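Down below is the structure, laid out as structure tokens.
What follows draws every value from the coordinates through simple rules; no lab data is involved. Owing to the predicted nature of the structure, the values given are computational and were not obtained by experimental measurement. Neighbour counts are summed over all protein chains in view; Cβ atoms, including those assigned to glycine, are modelled from backbone coordinates with ideal geometry.
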Amino acid sequence: MTQTKQPSKSTISIWGGETKHAHYERSTQVPVVHSIAFGYKDIDTWRAVALEQEEGHIYSRNTNPTVRAFEDKVKELEGAAAATSFSCGMAAISNTFGTFLRPGNRVVSIKDSYGGTNRLFTEFLPQMGIDVCLCNTNDHAELEAEVAKGCTMLYLETPTNPTVKITDIRRLANAAQVVDALTVVDNTFATPINQNPLELGADIVIQSASKFLGGHADALGGVACGSKELIKKIYHFREINGSCLSPTDAYSLLRGMKTLSLRVAQQNRSAMTIAKWLLQHPVVEGVNYPGLETHVNHAIAKTQMRGFGGMLSFSVKGGLDAIKTFLPKLQYAHMAANLGCVETVVGPPLVTSHVECTDEERATVGIPEGLVRYSTGIENVEDLIADLEQALAYIANPA
Ligand SMILES: *Cc1c(COP(=O)(O)O)cnc(C)c1O
């Protein structure tokens, strides 16, 4: 984009990455280039592209025009210098770890990270001789103290899954900078519409594009954004290790992202309305939503987020039995493990993100048996509330 005034997120989500790549056959939309290889008529041009002296593509495991358009759009939305993409969000995370972590290194992170990420921390990184220190998510002093002891990487996720806890990115990135550690932030829940971790001092921002970015639950993808220097290293690791994004999924994600800012704006508004409505409901015991003034980190959320997101969680009286009673009665919600799409999706952490945890482990991160994760869709909010009302009524009067 060559304009002098920085375009708004809604404009970038539509035009970002598109124009440069859409010249094939004068199409106005980015074409899906299925070709795994790109042929050359002369060795000099081929060599120049291979040496990255000239723009172009050689082999789709490395780069591909459709995939590049996706990377460029996310890059612009995050205000980053560079981006590289992956087959899914977990690949973005594991490749970033693989790029920067060596045996003997130390990582500081939080107890509440995404289930898959937590598995990397507790199962796979220790196997590779990497020391992982997981702090209480809300305890900034503990995180700062552990970072100050020295580490290679500080890894954050905010808001977290499913209790939507918030950590102060700027404060902790400053602490990491003192010990020369990289700050990596998983921005999946917030999306670049609501939060830009790079502006808050993070070095690398990661996203599962399978969630809000794509928004239609029909394509897997992941992305990492940051400086040219850091992303070049991650790209090199990924190009050799091979977890590349498919052009078909890149196309679906590009198409979904055109409505990203519209969807997220609606989800921000609806989630806030629903969170407030749930607060006053007699069978609801607690509501977690960073937009509520009662949220323990509301003040931090207000300074680092432009919107509070579509994710919330709430607990109901009666625990697991109550959930088994009311969730299947919801008419406008899928009971499923995903989140961030146009449809509302609900699931108890007991069977989704925290299925492998013991009761005690769940209790330490604040997940009661009766907790429900609610990913607000873009349906009419009054319809969603009426749906919750009729379903919750079954808890008092099981049919
Ligand atoms: C889903 C998710 C991931 C993993 O992404 P996949 O695309 O499923 O691999 C990582 N972090 C967060 C916060 C997620 O919600």
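Placing unit charges on each Cβ (+1 for Lys and Arg, -1 for Asp and Glu) gives the chain a dipole about its Cα centre, and among M335, I323, Q6 the Cα reaching farthest toward its positive end belongs to Q6. Normalised by the number of residues in segment 1-120, the average gap of Cα pairs under 8 Å and 6 or more apart makes the relative contact order 23 percent.
The modelled label-to-label distance between K41 and N62, using points 7 Å beyond Cα along the C-beta direction, is 2.2 nm. Think of each Lys and Arg Cβ as +1 and each Asp and Glu Cβ as -1; about the Cα centre, that makes the dipole of segment 260-394 roughly 420 debye. For the chain, the longest principal axis of the alpha carbon atoms and the long axis of helix 381-396 meet at an angle near 40°. Taking a point 7 Å from the Cα of A336 along the Cα-to-Cβ direction, the residues of segment 202-230 with backbone N closer than 15 Å to it are 210-221. Close amide H partners of C135, meaning residues 5 or more places away or on another chain with modelled amide H under 5 Å apart, are S109, I110, K111.
Dipole of the chain computed with +1 at Lys/Arg Cβ and -1 at Asp/Glu Cβ about the Cα centre; of G17, A265, T248, farthest Cα towards the positive end is G17.
Identify all aspartates and glutamates with a Cα-Cα distance to K302 below 12 Å; exclude those on the same chain that are fewer than 8 residues away in sequence. Once the sequence-local aspartates and glutamates are set aside, what remains near K302 is D168, E293. Straight-line reach from K73: which aspartates and glutamates have Cα under 15 Å away, leaving out those fewer than 8 places along the same chain? Cross-link targets: E18, D249.
This ranking places M90, M153, M128 by how few other beta-carbon atoms lie within 10 Å of each, fewest first, which gives M128, M90, M153. Shown in residue order for segment 338-345 are the 3J(HN,Hα) couplings computed by the Karplus curve 6.51 cos²θ - 1.76 cosθ + 1.60 at θ = phi - 60°: 8, 7, x, 9, 5, 7, 5, 10 Hz (x for Gly and Pro). Under the simplified labelling scheme, the L51-T358 pair shows an inter-label distance of 6.0 nm, with each label point 7 Å from Cα along Cα→Cβ.
Of the cross-linked pairs K5/K165; K111/K258; K232/K258; K9/K329, those separated by over 30 Å at the C-alpha level are K5/K165; K111/K258; K9/K329.
This model, with +1 at the C-beta of Lys and Arg and -1 at the C-beta of Asp and Glu, gives segment 24-164 a dipole about its Cα centre of some 340 debye. The magnitude of the dipole of the chain, with charges of +1 and -1 set on the Cβ of Lys/Arg and Asp/Glu and taken from the Cα centre, is near 680 debye. Structural descriptor for the chain: relative contact order 16 percent, calculated from alpha carbon pairs under 8 angstrom and at least 6 residues apart. Between N174 and H298, the FRET efficiency estimated from the beta carbon spacing at R0 = 22 angstrom works out to 0.55. Using Cα atoms only, what is the angle between the long axis of helix 169-178 and the major principal axis of the chain, expressed in degrees (0 to 90) to the nearest 10? That helix lies at roughly 50 degrees to the long axis. Of all DSSP beta bridges confined to segment 9-257, the antiparallel ones make up roughly 40%.
Pull up the cross-link candidates among the lysines for K41, meaning alpha carbon to alpha carbon under 24 Å and not fewer than 8 places away within one chain. Within the straight-line limit of under 24 Å, K41 reaches these lysines: K20. Taking the fewest neighbouring Cβ atoms within 10 Å as the starting point, the ordered list for Y40, Y114, Y374 is Y40, Y114, Y374.
Arranged from fewest to most other beta-carbon atoms within 10 Å of their beta carbon, Y155, Y394 become Y394, Y155. Scaled against 2.2 N^0.38 Å for its residue count N, the alpha carbon radius of gyration of the chain is 1.01. Mean residue ellipticity, 222 nm, helices only, the chain: the sum of -39500 (n - 2.57) across DSSP H runs of n ≥ 4, divided by residue count and rounded to 500, is -11000 deg cm²/dmol. Against the main long axis of the alpha-carbon atoms of the chain, helix 260-279 sits at an angle near 20°. Measuring r between the beta carbons of H34 and K317 and using R0 = 51 Å, the FRET efficiency lands at 0.45. Would you give the gap between the C-alpha center of segment 344-389 and the C-alpha center of segment 146-164, rounded to a whole Å? Each part's Cα centre sits 23 Å from the other's.
Between segment 245-311 and segment 38-102, what's the alpha-carbon centroid distance in Å? After rounding, the separation between the Cα centres reads 30 Å. Computed on segment 260-394, with alpha-carbon pairs under 8 angstrom and 6+ residues apart, the relative contact order is 28 percent. Across segment 85-99, coupling constants 3J(HN,Hα) worked out from phi with the 6.51/-1.76/1.60 Karplus curve, θ = phi - 60°, read 10, 9, 5, 6, x, 4, 5, 4, 6, 5, 5, 5, 4, x, 5 Hz, and Gly and Pro carry x.
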